[in-house]
């Protein structure tokens, strides 16, 4: 029985909805995208632009429906993007221009 | 500081309701009684690091909880072992 509490969407432990779903424990091959996101986070950490704790906070702030739709590393890039916009490291215009080039 | 074996209770606090937070104390343990197993070390508080704020160093413990009491499943003797920071723990007399 779930407690009726104001838990955050990522705080999934013991939530019955997820107990009913089998856990996929198979190892997954990393895509080039995954590796690139991981490397980007590493560089931002070494350069002291953004910490792992800030990454996690950004992931936890993703709205619940989107959180469950995004893959692991898509959550990362969403958080990295949000963090860099808030810190002023990149601007929305720069982000939009970069996305149009993809 | 809590010695191994100390009886504690997790603070029944919900910072999630007061604004943006990053906390490492799962919802299902708030208010639950547990037992300190060991001190793991002391680390800058991630609740502040997550917002790039100056972070005080906090002791981190392994705390054991009776699983059936937490999740209403499992058998007597089943335990959960969770890493919790000292500021989430209150002494139990």
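Structure notes:
- Remark: the Cα gyration tensor places region A:1-40 in the oblate category, a/c being 1.5 or greater and a/b not exceeding b/c.
- The overall shape of chain A is prolate: from the C-alpha gyration tensor, with semi-axes ordered a ≥ b ≥ c, the ratio a/c is 1.5 or greater and a/b exceeds b/c.
- Each residue in A:80, A:59, A:90 was given a count of other beta-carbon atoms within 10 angstrom of its own, and listing them fewest first yields A:90, A:59, A:80.
- Rh (Kirkwood; distinct C-alpha pairs) - region B:7-91, Å: 13.6 Å
- Among B:32, A:50, B:1, a tally of other beta-carbon atoms within 10 Å of each Cβ gives an order, fewest to most, of B:1, B:32, A:50.
- Annotation: the residues A:68, B:62, sorted from fewest to most other C-beta atoms within 10 Å of their own C-beta, follow the order A:68, B:62.
- Cα gyration tensor shape for region A:39-92, rounded if a/c is under 1.5, else prolate or oblate: prolate
- Diffusion coefficient, µm² s⁻¹, Stokes-Einstein with Kirkwood Rh over alpha-carbon pairs of the protein assembly as shown at 25 °C and 0.890 mPa s: 129 µm²/s
- Extending 7 Å from Cα along the Cβ direction at residue A:28 and again at residue B:42 yields two label points whose distance is 4.0 nm.
Computed from the coordinates by the stated procedures, all read-outs in this text should not be read as laboratory data. On a predicted model such as this, the values are computed, not experimentally measured, just so you know. Counting neighbours? That spans all protein chains shown, and the Cβs are built from the backbone with ideal geometry, glycine included.
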